[in-house]
Amino acid sequence: MIKCRLQIATVAFFLVQGLATVHASPGAHGPNGEHLDGAVSTGASGLMRLPDSSINVPKLAQRRMGIRTQLVPLTTAAVSAQMPGQVVVDPNAGGRVQPLHGGRLEPGPSGLPVAGQTVRKGQVLAYVRHHAEPYAEANQRSQHAELRTSRTIAEHRVKRLESLEGTVPRKDIEAARAELAGLQQRERAIGASLGSREALVAPVSGVIATASALNGQVVDAKDLLFDIIDPQRLMVEASTADAGLAAKLESATLSGVEGVTLRVVGAARTLRDGRIPITFRAQGSGTEAISLAVGQPVTVLAQTRDKLQGAVLPAEAVVRNGANEAVVYIKVGAERYLPQQVSVMPLDPKTVIVTKGLGGDNRVVVQGASLLNQIR
């Protein structure tokens, strides 16, 4: 009887010890081969962060949080470069409307266009009525009056000579007619300059990007009144300190912008603010409009011909810890997840490659990592 009681007590002791210890699943290793399946002493079984920074997540909580994991074997991917840039106008598909001379602005046949309005090449957008200085205008009117008087005298002289045709030499009649024609042309030119107006036409077909014109506005020469762009033909200008990067580029995308791909046009050979500008042409997918605006700051993710070895993961799998370090969560047990510090490089807007911090047999959280990261 005493021996039986001792056996029961021994089994109970080991059972309590087993319940007080949580073991990770075997086979999980760090980037240097170290084991991540060590035991963690805890008496908790709920959702909480353990003393070693790992997180205990019951099965029910995992399903509610939508936690998904996958094995991430090491692979080879193209090295990417991240560059700041901005959207610019394609010089062959955009235009500016500026007056050649100053004057007062008048609306065109369809009124003054506004930003966002579609226009066609050659369309009259507005008129600029020129106004000369009072002294210059008085001289023009005086000259016009003198020419009108001279033209009237020349007309009478031509009629008189034509009535004497046969007695007056032919050359005198032709000279009088030529003088009359010259006076008529000069009179028309001076008259047209009085109260003349300049038609402002659209140099290209597209959309009005900016409009700074009001009816009756007084403008000077070269004032920018309208900017016209083609929203389907935009460009992106990025900059880099690597002068040889442009020769190694294969493709490029925009971070955070869906449905837009970039094609390399070329790189400048002159430094601008200590960096090399690289120009890309933005292309939309299918017939969808490009969701970009001129002047919009963007981040260019460019893929090069160089290769890099690492683990490819969705961008949402990488989160930031309290020290602002990039980490991923590794599943080391049925209900235990361990944060692992990593070094990452972006491949495209949705994918990154982990170059340091992961082993080839790690099961990484690829969905729900941000929720795990909030558990304290």
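The values are calculated or read from the model by the stated rules, or taken from the named source; none is laboratory data. Owing to the predicted nature of the structure, the values given are computational and were not obtained by experimental measurement. Here Cβ is always computed from backbone atoms with ideal geometry, including for glycine, and neighbour counts include all displayed protein chains. Only protein heavy atoms, including side chains, enter the accessible area calculation; ligands, DNA and RNA are left aside. Shrake-Rupley method; radii C 1.70, N 1.55, O 1.52, S 1.80 Å.
For segment 348-376, filtering for residues that are assigned to a loop (DSSP other than H, G, I, E, B) and either free of Cβ contacts under 8 Å to residues at least 24 places away in the same chain or of a type in the set (A, V, I, L, M, F, W, C) (or both) leaves 3.
Looking across segment 56-67, the residues that are surrounded by 13 or more Cβ atoms within 10 Å (Cβ to Cβ) and not in a helix (DSSP H, G or I) come down to Asn56, Val57, Pro58, Ile67.
Residue pairs whose Cβ atoms lie under 7 Å apart, separated by 6 or more positions or on different chains, with the first residue in segment 34-58 and not assigned by the TED database to the domain that holds Val364 and at pLDDT below 85 and the second open to solvent by 60 Å² or more (accessible area, probe 1.4 Å) and assigned to a strand (DSSP E or B), do not occur.
In the set Ala311, Ala323, Ala334, only one residue is assigned to a strand (DSSP E or B), assigned by the TED database to the domain that holds Leu71, more than 30 Å from Ile228 (Cα to Cα) and among the small types (Gly, Ala, Ser); that residue is Ala311.
Looking only at residues of segment 167-186 that are open to solvent by less than 60 Å² (accessible area, probe 1.4 Å) and β-branched (Val, Ile, Thr), we find that the one that is nearest to the chain's Cα centre (by Cα) is Ile173. Taking (1) of a type in the set (A, V, I, L, M, F, W, C); (2) under 59 Å from the mean Cα position of the chain (by Cα); (3) more than 30 Å from Arg141 (Cα to Cα) in turn, Leu164 satisfies each apart from (2). Of all residues in segment 92-121, those that are outside the structural domain of Ala293 (by the TED database) have Cβ atoms under 7 Å from Cβ atoms of residues that are of a type in the set (Ser, Thr, Tyr) and outside any strand (DSSP E or B), 6 or more apart or on another chain, in Val119/Ser205; Arg120/Ser205; Lys121/Ser205. Give me the residue from segment 101-118 that is assigned to a loop (DSSP other than H, G, I, E, B) and of a type in the set (Gly, Ala, Ser) and, out of that set, surrounded by the most Cβ atoms within 10 Å (Cβ to Cβ). Per the stated criteria, the residue is Gly108.
Can Gly322 be described as in contact (Cβ under 8 Å) with a residue 60 or more places away in the chain, surrounded by fewer than 16 Cβ atoms within 10 Å (Cβ to Cβ) and more than 29 Å from Ala243 (Cβ to Cβ)? Answer is no for this residue.
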